[in-house]
Amino acid sequence: MTTSIQTPILTPVPAAEAPAPAAKTGFAKKFLLGLLILAVLFLVTYTMAWYNADQLATRFFQDSEASYKTGDYLKALVGYQKFDNPTNKYINYGGYLNVEKIWSSYYSWPQPPYLQQARQRAQEIINHVTAVAAESGIHFRMDRALRANTLLAHRLLWLAEASGHQLALKERLLQAYFCDGLDVGDTDVLAQCAAEVGMPADGVRRFLDSDDGTSEVQAQLRLAADAEISAVPTYVIDGRWAVPGAQDPDTFVTVVRRLLDRRAAESSDA
């Protein structure tokens with residue numbers, strides 16, 4: 001028997017056709033157009049965000065300059081809030097540190113010319129306040145200070161007034177902020193500070209976890225806003241003389257003397 005072996009005939013497979021040059025060109029144009037659209041959208045968004053930041057920072061800087069020129073350095077440094085009756089909310093004003101904070105965000109280029117002046121002013125005020133505090137034995141560490149919402153701290157001070165711990169607690173909170181670099185908006189920090197001046201830490205935590213004291217503190221803030229009090233501290237003498245900011249003793253002596261002279265003149269006229 002004869003066996004024949006046949007070699008299979010291989011049929012060549014046709015090569016895939018290369019994309020036409022026109023198809024390649026069309027895809028590239030669409031890709032580039034997409035990138036261009038994305039770039040335009042990013043540029044428009046960035047420009048709008050930069051413009052809004054510049055508007056807010058410019059207002060803060062102008063407010064800070066006004067406070068600086070009147071010698072209200074603390075207000076110029078950290079800014080302040082005023083209650084706006086038409087909108088029923090608090091409006092932020094000024095603060096060289098607020099100007100720096102705005103331009104430390106992602107939308108920080110190009111930097112406006114007033115930013116460098118705001119930084120210089122802020123450092124000047126910090127150096128001045130630190131030097132004045134050192135004369136009284138207080139060692140400020142503004143480089144460690146943590147900005148925080150102080151509503152909880154004010155509620156706690158409201159609570160401490162009833163138990164006679166308010167003054168001691170206020171001193172401790174000031175030390176926590178200006179010297180220790182603690183977050184005075186944190187419940188645990190506030191409970192610890194309160195415990196150090198004789199208040200029960202567990203009771204303080206329960207109080208802060210509730211809404212107790214909130215309406216009372218907000219009423220006090222509205223009262224201060226109506227009296228146009230925005231600086232901390234502000235000393236009101238005889239219900240009509242306000243001494244804003246941390247002043248030296250001679251300033252208070254002058255104010256009291258003028259008040260006594262005014263009273264004497266009113267008595268003589270009567």
Using only the Cα atoms of the stretch 92-145, what do you get for the radius of gyration and for Dmax, in Å?
13.5, 42
Could you work out how much longer the chain between residue 150 and residue 187 gets when fully extended? Use 0.36 nm per residue separation minus the Cα distance between them, nm to one decimal.
12.2 nm
Choice from 118, 28, 39 showing the highest fluctuation, given a GNM over the chain with Cα pairs closer than 10 Å:
28
Inter-label distance, nm, simple model (7 Å from Cα along the C-beta direction), residue 39/residue 266:
7.2
Taking the Cα-to-Cβ direction at residue 119 and at residue 69 and moving 7 Å from each Cα, how far apart do the two end points lie in nm?
2.5
Cut-off 10 angstrom, C-alpha nodes, Gaussian network model of the chain. Which of 190, 173, 38 fluctuates the most?
38
Helix 166-178: inclination vs the chain longest Cα principal axis, degrees, rounded to 10, gives 40
PRE reach from residue 46 (point 7 Å along Cα→Cβ): which of the stretch 99-128 fall under 19 Å by backbone N?
102-113
Roughly how far apart, in whole Å, are the Cα centres of the stretch 152-231 and the stretch 40-93?
27
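FYI, it's all coordinate maths here, none of it is from the lab. Please read all numbers here as calculations on a predicted model, not as lab measurements. Methodologically, a virtual Cβ is constructed for each residue, glycine included, from the backbone with ideal geometry; neighbour enumeration extends over all protein chains shown.
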